[in-house]
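For reference, the structure discussed in these notes is given below.
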Amino acid sequence: MSSTTPAAPPDPPADATPEEIEAHIEASRERLASSVDALTAKLDVKAQAKQKAQETSAQAKQKARETSERVQAGAQHVYEQASERARSTSPAVLGGVAAGVVALIVLFVALSRRSSHRS
């Protein structure tokens, strides 16, 4: 037997009572049944494959959750950086647009006056 199976107790003494012999036989049956169950489980390839598939599935789901959390955290970080950049560059962009509009108005007024003086 394997090292996980307890050693069988010694045979009952020769002067054992019938009850002691029956108890010894019953204990031997229980040990034998336990050994048979353990061997059956080791030889049940289908059950082992099913157990391994369940473990692998659970591991894959856990990895998927972890990856999803990392991706969400990364996306949140990128969003926050982009938002901060947009907030910090918006005044400069608005200032540039405003300066361009003012320049166009000045140019338009200057061209209008010039064409008015020629007429």
With every protein chain kept in place and a 1.4 Å probe, the residues Glu66, Glu20 fall, from largest accessible area down, as Glu20, Glu66
The size of the Cβ-based charge dipole (Lys, Arg +1; Asp, Glu -1) of the chain about the Cα centre, to the nearest 20 debye, is 2480 debye
Note to self, the chain gives a 222 nm [θ] from helices alone (DSSP H runs n ≥ 4, -39500 (n - 2.57) apiece, / all residues, nearest 500) of -31500 deg cm²/dmol
Residue span Thr40 to Ala14: 0.36 nm per residue of separation minus Cα-Cα distance leaves a gain in nm of 5.9 nm
For the chain, whose charge dipole is built from +1 on Lys and Arg Cβ atoms and -1 on Asp and Glu Cβ atoms, the candidate among Ala58, Leu107, Ala38 with its Cα farthest towards the positive end is Leu107
Taking protein heavy atoms only, a 1.4 Å probe, and rounding to whole percent, the accessible area of the range 46-119 owed to carbon and sulfur comes out at 63 percent
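The values are calculated or read from the model by the stated rules, or taken from the named source; none is laboratory data. What you are looking at is a predicted structure, and each value in this text was computed from that prediction instead of being measured. Reconstructed Cβ throughout: ideal geometry from the backbone, glycine too, with neighbour counts over all protein chains shown. The area values use the complete protein model at the heavy-atom level, side chains included, leaving out ligands, DNA and RNA. Shrake-Rupley method; radii C 1.70, N 1.55, O 1.52, S 1.80 Å.
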